[in-house]
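The values are calculated or read from the model by the stated rules, or taken from the named source; none is laboratory data. Since the structure is predicted, the reported quantities are computational estimates derived from the model, not experimental observations. Cβ placement follows ideal geometry from the backbone for every residue including glycine, while neighbour counts extend to all protein chains displayed. Please note that ligands, DNA and RNA were not included when accessible areas were found on the heavy atoms of the full protein model with its side chains. Shrake-Rupley method; radii C 1.70, N 1.55, O 1.52, S 1.80 Å.
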Amino acid sequence: MARFDPSMLKVEDCQDADTLNALLSLLLEPTPELRSHLVPSVLLRLTARENPPSTFGEIVSLCQEVVSEWEWKDKGAFINGHPMIGEVKGGLSGQEQGGGPATRPVVLKRLAHLNELYCTLYPGLRYITFVNGRPRTAIVPEMEENMGLTVSPEPLPDDSAVDRPAVDSPEIQERVRDPDSPEWRNECSRAMTDVFLIARARLKSLNLE
């Protein structure tokens with residue numbers, strides 16, 4: 001297959017499995033679940049429709065409909081295709097997280113620890129949020145609030161204790177959520193909502209609305 005160029009894409013091209021996989025990998029991040037579960041299911045529904053979609057937004061909506069019907073473990077694995085907040089990575093994720101001035105080291109260290117805490121509290125998930133142009137420093141208090149932690153001052157002081165609370169502390173270990181719990185599933189649903197907000201924002205940035 002030739003190198004994927006989204007600027008040349010037409011909606012009807014998405015009837016092809018490789019093209020649909022390339023587009024969705026760009027919008028939703030590449031994962032085994034996307035290739036093996038999402039693409040075949042979306043293609044099946046596309047071919048079963050009397051009226052094919054007229055916009056890429058309709059295809060994203062169809063993807064969201066399909067994913068909503070998955071088992072929770074598959075939803076978690078799909079979410080984990082997105083890089084963690086603060087990870088240095090290329091592509092659209094890097095552009096979305098890297099806007100504005102360079103992120104201070106103390107902020108990156110705090111984000112790395114918050115990611116570790118989150119993955120401990122919600123095993124099988126990673127923290128996803130629709131950055132929407134915000135700098136990484138704005139995500140620190142959001143993550144802390146999400147986990148019920150004391151919110152750091154803004155701006156984050158350079159001498160902050162970025163590794164508190166400890167992952168193995170009672171404060172964290174006593175609050176670990178089982179994947180079968182309502183709290184875990186609610187958090188998975190919140191993250192999935194943001195995954196598709198990110199996808200729609202990417203459509204806009206690629207002029208594919």
Scanning segment 71-84 for residues that are within 28 Å of L9 (Cα to Cα) and assigned to a loop (DSSP other than H, G, I, E, B) gives N80, G81, H82, P83
Long-range neighbours under 7 Å by Cβ, at least six apart or interchain, first residue closer than 9 Å to V107 by Cα within segment 151-169, second aliphatic (A, V, I, L, M): L156/V106; L156/V107; L156/V140; D158/V106; V162/V106
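Is one or more of the residues making up segment 96-117 in contact with a Cys (Cβ under 9 Å, 6 or more places away or on another chain), in the same structural domain as E174 (by the TED database), of a type in the set (D, E, K, R) and modelled with pLDDT of 95 or more?
Looking only at segment 96-117, we keep the residues that are in contact with a Cys (Cβ under 9 Å, 6 or more places away or on another chain), and these are none.
The answer is no, given that none of the residues of segment 96-117 is in contact with a Cys (Cβ under 9 Å, 6 or more places away or on another chain), in the same structural domain as E174 (by the TED database), of a type in the set (D, E, K, R) and modelled with pLDDT of 95 or more.
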Inter-residue pairs, beta-carbon under 7 Å, first in contact (Cβ under 8 Å) with a residue 24 or more places away in the chain and in segment 123-139, second open to solvent by less than 30 Å² (accessible area, probe 1.4 Å) and of a type in the set (G, A, S), 6+ apart: G124/G76; L125/G76; L125/A191; I128/A191; R136/G86
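Looking at R202, R185, R190, which is the one that is free of Cβ contacts under 8 Å to residues at least 24 places away in the same chain and within 18 Å of the chain's Cα centre (by Cα)?
From the options R202, R185, R190, the qualifying one is R190.
I want to confirm something. Restricting to segment 24-57 and keeping residues that are touching a residue at least 60 places away in the same chain (Cβ under 8 Å) and not in a loop (DSSP other than H, G, I, E, B), which single residue is nearest to the chain's Cα centre (by Cα)? Talk me through it step by step, then tell me what you get.
Restricting attention to segment 24-57, the residues satisfying the condition of being touching a residue at least 60 places away in the same chain (Cβ under 8 Å) are 26-29, 55-57.
From what is left, the residues that are not in a loop (DSSP other than H, G, I, E, B) are 26-28, 56-57.
Numbers: L26: 12, L27: 10, L28: 7, F56: 19, G57: 18 Å.
Checked segment 24-57; the qualifying residue nearest to the chain's Cα centre (by Cα) is L28.
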So which residues in segment 1-50 are under 17 Å from S68 (Cα atoms) and among the basic types (K, R)? R35, R45
